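Encoded as structure tokens, the structure appears first; notes follow it.
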Amino acid sequence: MTSLPMQHLGRLLALAMFLAALVGGGRDARADTAAAQALFDAARQLMAQGKYADACPKLEESQRLDPGIGTQFNLAACYEQLGQTASAWSTFLEVAGAAKAAGQLEREKVARQRATALEPKLIRLTVTAPADAPADLQVKRDGAPVGRAQWGTPVPVDPGKHTIEASAAGRAPFARTVDLTRAGATETVAIPPLPAGAPARAAAPPASGAAQPTSGAAAQPTSGAAAARPTTGGAALAPVAGRAPAPPARPLTRRRSKGMMVTGIVLTSIGAVALLGGGLALASTCSGSGCDDSLDDPLGDDSLDYVDEEDSGADAGYALIIGGLVFAGVGIPLAIIGGRQVPVQPEKKAASAPARSPELVLGPRYAGLRWSM
């Protein structure tokens, strides 16, 4: 009797894990697609109302969740209506490239025409640096790094204010803000040689309780132990050791659901056993003399009895494999979701103090018990 090869068992287990991942990943993908469609519909309504400032962020999020050529085309049109000529121009060119790759020639043509119409309106900003700029000179435009390859090259930017910053080790930083509003204009920001030396820090003001020197009295230098420790009222103060800040406490976590995790492990184990049993059953159906094609009497009664037994064994094997895949496909996501670590919300401490024991109170005209709740 032959046994199921280990490589076949490994393939079955890999298939089960793939199906489990497909179930979990498909659920997330469907949720992202639904959210992207809702954002796209809301953005289209806002664009119809002329509210482009509110529509563009929704289209950006929709494109992030579920990229599509149609969403990207509407985003470029939204940028154009909002006056962001550089963003609209570059997005239309991206749409043209994606449409060409997808075989959408008409959309590619329209996108390139829209991008070409925007080119005369583009505002270009050129950043230059001195020839003897230090090797570690870093340039930023609106907080984003500007590589050396961009220095001296006119780069399209959206209308509005743009800040150019330059810094290097051991040198004073440089910053300049330009306001670009004229369509088709070209502005150049030249970074000057940065002077050596970092800007000096301002001296800290004296403490409120520190003694100030009186007018007409010269400060006398001190020596020895008296100079090492400040004095107040003639008594020497011991030096105070600095205390290191306590490390931040790590948040407490727990498993999302221990029962769900255990259930998933049990189902996965059952599925693995069923897959193994199904594989063995399929392997056993083609063992022994019944699978020999050189039987003397293939149409005899014994042959028919063997065929029936072989068919029933194969059916049982396939049933076990299908059942094992189902169990594993359900158990693996349950084990993963239930075993995830989630933060533990700290319990609220009771604000009231513990109750005191009753006290006997005696007065001139009364006697009684008193206690606190």
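Table for the structure above
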| read-out | value |
| --- | --- |
| Test result for GLN7, part of a helix (DSSP H, G or I), touching a Phe, Trp or Tyr at 6+ places or on another chain (Cβ under 6 Å) and either at pLDDT below 95 or open to solvent by 60 Å² or more (accessible area, probe 1.4 Å) (or both) | no |
| Any hit, region 118-129, residues being assigned to a strand (DSSP E or B), open to solvent by 30 Å² or more (accessible area, probe 1.4 Å) and either more than 23 Å from GLY184 (Cα to Cα) or not acidic (Asp, Glu) (or both) | yes |
| Test: VAL157 is under 33 Å from the mean Cα position of the chain (by Cα) and either under 23 Å from SER87 (Cβ atoms) or loosely packed, with under 15 Cβ neighbours inside 10 Å (or both) | yes |
| One residue from GLN150, GLN138 being open to solvent by 30 Å² or more (accessible area, probe 1.4 Å) and over 28 Å from VAL95 (Cα atoms) | GLN138 |
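The values are calculated or read from the model by the stated rules, or taken from the named source; none is laboratory data. Keep in mind it's a predicted model, so treat the numbers as computed, not measured. FYI the Cβ positions are ideal-geometry reconstructions off the backbone, even for glycines, and counts take in every protein chain you see. Heads up: the accessible areas ignore ligands, DNA and RNA and are worked out on the full protein's heavy atoms, side chains in. Shrake-Rupley method; radii C 1.70, N 1.55, O 1.52, S 1.80 Å.
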